[in-house]
Amino acid sequence: MRRWSLLLVALAAVAGGCRGGKAEHAAGGAPRGGTLRIGVAVPGDPLATLDAARIEFSPGVTELLTCCLTRTLLNYRTGTTEEGGAVLRPDLAAALPEVADDGLTYTFRLKPGLRYAPPYERVSIKAQDVVRAIEHALRVGPPGPLVEIEGAQQFRGRNAGRVSGLETPDDRTLVVVRTFSKTWSMAAARLGYLVGPAAVVQTLEKVLLPYHLDAMKQAAGRLALRFGAEMEARVAQIVEERGRLAAALAELPVETWPSGANFILFRPQARAGDDVWQALLDRSVLVRNCVDWPGVEGCLRVTVGTPAENDAFLAALTEALA
């Protein structure tokens, strides 16, 4: 719970703000309204910013954002631990999220009637705004828990135009989708899941084929979740091997693109893609033939495998390009 709590508190959809005009006074004499101007100027300090997505650790600025300028899905109210300051509470969210039994998926409903502060008091805050806040943080902020969302790494690396694991079926609902295909190396199982409001799930069930998910796949998915440490070790190896493959391909007559996934797209320059694909197949190496795919004509795609598999691919590709 703590991991996702920290992640969700970081998703600042800016709903706070300053009211313009003359200051009013409440019954107790404390001023209300008016204009607040804030300047942050710390020479040489890269944290001197009011963009919440760019701040990794800056107590003074973070406190200012929390108290006065931003709103979040969930937050910690100001106060000591004894006063409840360490208790996570809903803010823009109507309640704490619905959490799946495995602890990996969360579904949020925004409070009704949310609006931005003046001068945008007529603009409603929607679930799509939360998605944009996440996307902004992924693009400009430091690496953090947000990258655990499905498709976040590809979006952060500018290899995708959206975060595939975020869905907004309506203006007040945010659904986070996870898949077993890549991280859990279970693409062959064709297993994934979606957690969302009952109405969304019921609508999707209308178009599902009967018996689309057998008992064996469900059992395999539940069993896989018990091996989190092994999954993380495998992901670390894939990332390391992906870097090694990319470096080796850079020395060959092929064009490549940066990858945040478990595969690398490349276009042979010395021979036609079809010819290179066949030459690899003749050497017992199978890659994805993308030569006819719109936008990636002439390309092939290799999946990052074990060190031995990657060595075999590089040796076969070197021969195929000779």
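Data for the structure
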read-out	value
Selection from region 285-302 of residues that are surrounded by fewer than 18 Cβ atoms within 10 Å (Cβ to Cβ) and not in a loop (DSSP other than H, G, I, E, B)	288, 289, 301
Answer residue from region 145-179, given it is of a type in the set (S, T, N, Q) and outside any loop (DSSP other than H, G, I, E, B) and is modelled with the lowest pLDDT among those	179
Residue within region 133-144 that is at pLDDT below 75, under 20 Å from residue 303 (Cα atoms) and within 20 Å of the chain's Cα centre (by Cα) present	no
Residue check for residue 317: part of a helix (DSSP H, G or I) and in contact (Cβ under 8 Å) with a residue 40 or more places away in the chain	yes
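Yes/no per residue for (1) modelled with pLDDT of 95 or more; (2) basic (Lys, Arg); (3) closer than 27 Å to residue 160 by Cβ:
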{"position": "218", "(1), (2), (3)": "no, no, no"}
{"position": "222", "(1), (2), (3)": "no, yes, no"}
{"position": "225", "(1), (2), (3)": "no, no, yes"}
{"position": "240", "(1), (2), (3)": "no, no, yes"}
{"position": "267", "(1), (2), (3)": "yes, yes, yes"}
{"position": "281", "(1), (2), (3)": "yes, no, no"}
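Results for (1) in contact with a Gly (Cβ under 6 Å, 6 or more places away or on another chain); (2) of a type outside the set (A, V, I, L, M, F, W, C), shown as yes or no for each residue.
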site: 237; (1), (2): no, yes
site: 245; (1), (2): no, no
site: 260; (1), (2): yes, yes
site: 273; (1), (2): yes, yes
site: 294; (1), (2): no, yes
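The values are calculated or read from the model by the stated rules, or taken from the named source; none is laboratory data. This one's a predicted model, so the numbers in the text were calculated from it and none came from an experiment. Cβ atoms come from the backbone with ideal geometry, glycine included; neighbour counts cover every protein chain shown.
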